[in-house]
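Here's the structure we're looking at; comments come further down.
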Amino acid sequence: TTYKLLVLPGDGIGPEVMAEVEKIAAFLTYEGLVKFEIEKGLVGGSAYDVYGAAISEDDMARAQEADAVLLAAVGGPKWDQVPYENRPEAGLLRLRKDMQLFANLRPAICYPALADASSLKREVVDGLDILIVRELTGGVYFGEPKQIIDLGNGQKRAIDTQVYDTYEIERIGRIAFELARKRRNKVTSSEKRNVMKSGVLWHEVISALHTREFPDVELEHQLADALGMQLVRRPKQFDVIVTDNLFGDMLSDVAAMLTGSLGMLPSASLGERNATTGARKALYEPVHGSAPDIAGKGIANPIAMISSLVMALRYSFNLEDLADRIDRSIAAVLEKGLRTGDIAGGAQNTISTAQMGDAILEELKIA
Ligand code: NAI
Ligand code: MG
């Protein structure tokens, strides 16, 4: 099979970290380990400079047809004055919206070599590998009515509405259970059914889905506040956590801090399955932004971007062994003490973006 990859390097450090992914993709193709057909496009400020829009219609169409989209990062001070509808983030939002990416996957992985960079004790996070599955297109961020009403007596009233339909909970739950089967076979579902009707329905729909389609997967329920506590107390008890848009936003940022650096964290956003091919629409990107403070210096950490490719291999192409092999190469490079500035913990001898990419590639060749 040939997989169509649309590569969108974007702005700032985006092209720098994407270059390292392209090296690895070229190696994998050269070795016949996987066949990529790579197309390149523009997104964010770099697209605005050329097309006057944060993504062109042509690149949108290519994103819809790709087996996976890889995006690095968008934004930067150069485009601060650009009109709202054309700002760099608009390209990213357009991709998420048009591809209907309703599931956001945020892994929190703590490589043993970096466990001391965590805000928690080494033994709490050493070897941590959890996956937060956040509902991304529903809930209180989008529910109607959403307004601020002037009550006239110097008082205003702000209204946000949490809305979830059965089908929205079912499809995000299905993704969580499917992913758990490829991991340690456990799902923790989280809501606040003690005070929210949407939590009651969430609990009911996830439980029914479990009984009906995934009885082989272990399911537990934790209230979202309790889960927040457990996440910093004993995070290794979790495998896959599935939760709504709001709780997922907060919990995934908390989980990110368990692992040390922004430069290490990948993410994926998935949509519906294609009825004929069975493949899901998918966008893979690092959690970090375009890091204008270090852009152009060649010192950004490419691991979050490379791990985003690894997620694509795992979740879009079912190439588990190859994904594991690249993960092991990253771990080996870290074991050797090689560090970009962001994960050096103040040490002096840091390496460049390209040196980190090359070191991972060298490990991959002998792995
Ligand atoms: P940021 O993630 O770009 O940077 C935060 C800090 O982390 C900076 O000090 C940066 O140097 C460092 N950092 C980030 N990634 C790194 C890497 N791979 N290696 C080493 N250090 C790294 O977030 P910030 O500064 O809030 O935003 C900068 C720009 O990026 C803004 O224009 C923002 O809108 C955009 N942004 C874009 C995102 C995306 O494309 N998904 C996400 C977040 C921000
Ligand atoms: Mg957030």
Specify which of the listed residues (E220, E272, E285) is away from ligand 1 (no atom under 16 Å from the Cβ), within 30 Å of D160 (Cα to Cα), of a type in the set (D, E) and touching a residue at least 60 places away in the same chain (Cβ under 8 Å). E272
Determine the pairs where a residue that is assigned to a helix (DSSP H, G or I), located within segment 319-347, has a partner that is of a type in the set (S, T, Y) and within 14 Å of ligand 1 (Cβ to nearest atom) with Cβ atoms under 6 Å apart, the partner being 6 or more residues away or on another chain. G341/T350; D342/S261; I343/S261
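Conditions (1) over 11 Å from the mean Cα position of the chain (by Cα); (2) surrounded by 20 or more Cβ atoms within 10 Å (Cβ to Cβ); (3) away from ligand 2 (no atom under 12 Å from the Cβ), marked per residue:
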site	(1), (2), (3)
D244	yes, yes, yes
L251	yes, yes, no
T259	yes, yes, yes
P266	no, yes, yes
L270	no, yes, yes
T277	yes, no, yes
A282	no, yes, yes
P292	yes, no, yes
Can you tell me which condition V140 does not meet? The list is (1) assigned to a helix (DSSP H, G or I); (2) modelled with pLDDT of 95 or more; (3) away from ligand 2 (no atom under 16 Å from the Cβ), and all the others hold. (3)
Every residue in segment 1-19 that is out of contact with any Phe, Trp or Tyr (no Cβ under 7 Å at 6 or more places or on another chain) and either assigned to a strand (DSSP E or B) or surrounded by fewer than 24 Cβ atoms within 10 Å (Cβ to Cβ) (or both), please. T1, T2, K4, L6, V7, L8, P9, G10, P15, A19
Residue that is nearest to R62 (Cα to Cα), among those in segment 35-47 that are within 15 Å of ligand 1 (Cβ to nearest atom) and either exposed (fewer than 14 other Cβ atoms within 10 Å of the Cβ) or not hydrophobic (A, V, I, L, M, F, W, C) (or both): G41
Of residues in segment 348-367 being touching a Ser or Thr at 6+ places or on another chain (Cβ under 9 Å) and outside any helix (DSSP H, G or I), the one surrounded by the fewest Cβ atoms within 10 Å (Cβ to Cβ): A367
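Which of the residues that make up segment 340-363 are of a type in the set (D, E, K, R) and modelled with pLDDT under 95? Before the answer, list the steps.
To start, the set of residues in segment 340-363 that are of a type in the set (D, E, K, R) comprises 342, 358, 362-363.
Scanning segment 340-363 gives a single hit, D342.
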Check whether at least one residue in segment 309-319 is within 15 Å of ligand 1 (Cβ to nearest atom) and closer than 26 Å to P77 by Cβ, and report yes or no. no
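Report whether or not A90 is aliphatic (A, V, I, L, M), within 28 Å of I172 (Cα to Cα) and without any contact (Cβ under 8 Å) to a residue 40 or more places away in the chain.
Values: aliphatic (A, V, I, L, M): yes; within 28 Å of I172 (Cα to Cα): yes; without any contact (Cβ under 8 Å) to a residue 40 or more places away in the chain: yes.
Yes.
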Selection count, segment 110-123, where residues are farther than 20 Å from L262 by Cβ and either touching a residue at least 60 places away in the same chain (Cβ under 8 Å) or assigned to a loop (DSSP other than H, G, I, E, B) (or both): 1
Within segment 100-137, work out how many residues are polar (S, T, N, Q), at pLDDT below 90 and surrounded by 17 or more Cβ atoms within 10 Å (Cβ to Cβ). 1
Give segment 55-75 a look and list any residue that's more than 15 Å from L101 (Cα to Cα) and in contact with a Lys or Arg (Cβ under 7 Å, 6 or more places away or on another chain), or say none. I55
Quick check: is even one residue across segment 48-64 closer than 27 Å to N274 by Cα, within 16 Å of ligand 1 (Cβ to nearest atom), in a strand (DSSP E or B) and modelled with pLDDT of 95 or more? no
In segment 30-47, how many are in a helix (DSSP H, G or I) and at pLDDT 95 or above? 3
G278 passes all but one of (1) at positive phi; (2) within 14 Å of ligand 1 (Cβ to nearest atom); which number fails? (2)
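Considering only segment 157-276, give the strands (runs of 3 or more DSSP E) lying wholly within it that have at least 1 residues that are of a type in the set (D, E, K, R).
Details: elements: 186-191, 218-223, 240-243, 266-273.
Correct list: 186-191, 218-223, 266-273.
The values are calculated or read from the model by the stated rules, or taken from the named source; none is laboratory data. None of the values given here were measured: they were computed from a predicted structure. Methodologically, a virtual Cβ is constructed for each residue, glycine included, from the backbone with ideal geometry; neighbour enumeration extends over all protein chains shown.
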